[in-house]
Amino acid sequence: MPLNDLELKLATRAVRGDRTALLQLLDGRSAYLYRTAYLYVGNAQDALEVLQEATTQAVVAVRKLREPQLFFTWYTRILIRQAQSVYALRASEEPTADAGEPLAAPPVNTTEHLDLLAAFTQLKAEYRQALQLFYYQDLPTREIGRLLNVPEATVKTRLRRGRLALRTILGGDYFG
């Protein structure tokens with residue numbers, strides 16, 4: 001995700017230790033970052049916790065970032081790692097009576113998509129992750145590869161296999 005000129009200036013200042021610039025930079029894309037966290041953990045409270053922890057880690061480590069133009073790729077990696085650890089922690093806990101929220105996708109208002117969301121939670125994590133970044137975050141496969149630290153061809157394979165797995169879980173062509 002390329003930075004505009006203002007974001008690049010802020011990222012450069014943040015790398016030099018300007019915390020105000022770092023917070024302005026994160027605030028500018030807060031909706032995107034929140035949505036990413038939400039897609040991984042499935043509820044607002046955990047998403048905010050993930051954002052808080054990722055921001056704390058970013059404040060500590062931003063001076064180590066060598067290429068300011070890759071700021072959001074770097075920050076999103078931190079965010080994804082935090083979200084995965086929260087998701088893993090929740091998965092290892094016993095389900096409670098109030099754990100009725102979907103784990104991998106934001107809620108929708110129509111019942112038309114509920115079976116799709118349920119199927120989405122049944123996918124392997126690597127497929128779910130690639131599909132989330134591609135469809136929900138509108139990231140190109142090259143950027144997803146950078147975020148996940150895998151070759152672009154691997155991302156394309158995960159997308160294809162994830163779509164096939166969804167088709168199998170849903171029993172054929174979902175919209176056909």
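Each reported figure results from applying straightforward, stated rules to the coordinates on display, with no laboratory input. Just so it is clear, the model here is predicted, and its values are computed rather than measured. All Cβ positions, even for glycine, are placed from backbone atoms using ideal geometry, and neighbour counts span all protein chains on display.
Some notes on this structure:
- Here each label is just a point 7 Å from Cα along the line to Cβ, and for Val60 and Thr20 those points are 2.6 nm apart.
- With viscosity 0.890 mPa s and temperature 25 °C, the Kirkwood radius over alpha carbon pairs of region 40-89 converts through Stokes-Einstein to a diffusion coefficient of 219 µm²/s.
- Here the extension length gained between Gln69 and Arg142 equals 24.7 nm, from 0.36 nm per residue of separation less the Cα-Cα distance.
- When each of the peptides 153-163, 31-41 is scored by how many other beta carbons lie within 10 Å of its residues on average, the order from highest to lowest is 31-41, 153-163.
- Efficiency of FRET from Cβ geometry, Arg163 and Leu8, R₀ 30 Å, rounded to 0.05: 0.30
- Subtracting the Cα-Cα distance of Arg90 and Glu49 from their residue separation scaled by 0.36 nm leaves 13.5 nm.
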